[in-house]
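So the structure is just underneath, and the comments pick up after that.
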Amino acid sequence: MSKGGLSWKIIRLIPALFCVIVHGQSDLRLDDRFVEAAQSPLSPDFQTVCNKIAQSISPDSNVYYPGSPDFIEDISHWANTSSQVSACSVRPGTPQDIGIILGELAETRTPFAVKGGGHIANPKFSSTSGVHISLAKFKDIVINEDAGTVDIGAGLTWTDVYEYLVPKGLNVVGGRVNGVGVAGFTLGGGYSWKTNQFGLTIDTLTAVELVLPSGSVKTVTEKDEDLFFALKGGFNNYGIATKFTLKTHKQPPNVWSVSITFLNDQLDAAEVAYANFLSEPHDGKAAQLGEYAYVNGTATLALTLFYDGPEPPQGLFDDLLKVPSTSQSIVNGTFIDFVNSVPAPILPRVYFHGVPIENYTLPIMKAYVNESKFWGTKFSEVDPSVFVVYSTDPFESDILTHGGPSPYPADRSQRFCPSSIYFGWSDESLDEEIAQAMRTSAATLHQVGLDDGQKLQDAPPYINYALFGTPLEQMYGKNLPRMREIREKYDPDRIMGLAGGWKF
């Protein structure tokens with residue numbers, strides 16, 4: 001069903017003609033300068049290391065050099081801000097070969113990167129000027145029917161996983177848009193359309209196949225208390241994960257969703273209805289995502305309402321559906337159809353930042369509108385492609401009861417909604433200014449929440465959203481000392497410290 005001719009997907013194409021939306025997934029093409037650099041000769045400082053790795057690994061693995069299409073594919077990311085030109089890329093085919101690679105890197109103290117799906121936006125988190133390890137060959141999916149679990153390779157995206165499981169009537173707690181990688185999403189927590197029912201992705205994790213910094217391969221389960229704990233939010237600090245075992249659940253053949261767009265003077269009534277809706281608990285099969293943007297002088301709110309079944313209970317979303325809007329588009333199809341319908345913008349340069357919120361009240365929503373207007377106007381004056389989105393990520397208050405202790409969140413007695421700030425742009429000279437603007441905006445929203453009476457003093461930013469430079473103490477709180485102790489036990493030589501990311 002559609003009301004009006006202006007859909008959210010069209011709105012999202014307005015800021016820049018080169019904005020790529022392929023059901024939420026970038027085509028990972030690099031700009032000309034990047035491709036040119038990627039075809040340049042590798043640094044002689046790392047040439048010996050790359051050549052030695054090539055001689056040491058088995059035929060199941062490959063090393064690629066600048067100029068090779070496989071090399072460009074390996075180092076490419078969802079956004080250019082997180083891509084670097086490495087000396088070579090390595091595509092290991094076995095966990096044992098990863099152990100060999102880590103040994104060579106440790107011996108020479110060579111910087112390296114590990115890339116799963118390549119969806120991270122933070123610079124240098126999964127890229128390097130040294131040796132780039134791509135997990136592209138780890139793409140097996142194995143259903144364990146008796147155990148009610150599935151083994152998922154670390155080189156897969158959630159799109160791959162859904163396309164395999166959903167036709168079989170199964171699903172897992174995974175990413176919300178196409179193109180998000182399994183590995184980083186899982187090791188960082190994992191908020192999903194299924195979180196209200198089953199918790200975070202880490203709450204459904206039963207095992208991780210891990211190549212330790214020593215080079216040995218270990219299947220980590222809850223019997224390995226410290227290491228299993230550390231992996232549920234510890235990213236690549238403890239080794240390289242090659243396989244995840246997650247609990248499965250039955251997936252209904254059809255699910256229901258609606259995308260609603262509100263513009264300018266429609267926002268006030270929409271925010272009142274949205275805030276009222278979120279003030280009450282709801283059926284766990286329901287989920288929502290609200291995104292504020294400011295495009296060419298137009299303030300927008302795009303709501304995605306989801307129900308994990310063919311029809312929501314009568315009256316569940318009625319108060320939101322009856323608010324005057326510019327467009328409504330209902331999808332009643334498979335879970336894959338739904339995920340494909342969720343738009344996600346991509347510009348050449350992208351940053352995210354996380355803003356934890358206790359509850360989405362009217363003051364919070366008004367602040368989202370004001371921030372999107374202010375920063376959208378400011379930066380579009382110098383870069384017309386600039387696109388800013390402030391997202392509300394509401395979840396039920398009991399979502400943290402589905403799992404046990406984890407590094408994130410440090411305190412499971414209080415859930416905070418993760419919330420994200422997204423800035424996309426094309427002018428590289430704006431990188432630092434935009435990063436600082438996002439930090440300023442996050443601080444503003446934090447203060448609005450405090451003024452609203454929300455207990456945000458120790459609220460942790462979601463680690464998969466947090467912008468580079470966010471203090472580890474803010475994200476991990478009281479768990480940080482334990483994380484460092486575990487890292488010292490399994491990586492005393494700090495081999496994984498040679499890779500990018502959040503480092504303990």
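Brief remarks on what is shown
- The alpha-carbon positions of the range 138-197 define a convex hull whose volume is 89 Å³ per residue.
- Signed unit charges on C-beta, dipole axis of the chain, positive-most listed residue Ala286, Val350, Ser68: Ser68
- Remark: spin-label model distance Gln474-Arg412 equals 2.5 nm, labels positioned 7 Å along the Cα→Cβ axis.
- Whole-Å semi-axes of the range 216-366's equivalent ellipsoid (Cα gyration tensor): 35, 21, 16
- The Kirkwood hydrodynamic radius of the range 370-484, based on inverse pair distances between different Cα atoms, is 15.8 Å.
- For the chain, accessible area per residue (1.4 Å probe, heavy atoms of protein chains only), Å²: 38
- At 1.002 mPa s and 20 °C, Stokes D of the chain from Kirkwood alpha-carbon radius, µm² per second: 92
- The translational diffusion coefficient of the range 93-183, from Stokes-Einstein at 20 °C and 1.002 mPa s with a Kirkwood hydrodynamic radius over alpha carbon pairs, comes to 146 µm²/s.
- Label-to-label distance, nm, for residues given as Glu222 and Lys503 (7 Å Cα→Cβ offset): 3.4
- Here the spin labels are modelled as points 7 Å beyond Cα on the Cα-Cβ line, and at Asp268 and Tyr164 they lie 5.2 nm apart.
- Taking amide H positions as modeled 1.01 Å from N, with prolines and chain starts lacking one, the residues under 5 Å from Val331 and 5 or more places away or on another chain are Ser257, Val258, Ser259.
- Computed from the C-alpha gyration tensor, the three semi-axes of the ellipsoid equivalent to the range 344-427 are 30, 16, 8 Å, from longest to shortest.
The values are calculated or read from the model by the stated rules, or taken from the named source; none is laboratory data. Keep in mind that this is a model prediction, so the values were computed, not measured. Because the Cβ atoms are built from the backbone with ideal geometry, glycine has one as well, and the counts that use them run over all protein chains shown. All accessible areas refer to the heavy atoms of the entire protein, side chains included, with ligands and DNA or RNA removed. Shrake-Rupley method; radii C 1.70, N 1.55, O 1.52, S 1.80 Å.
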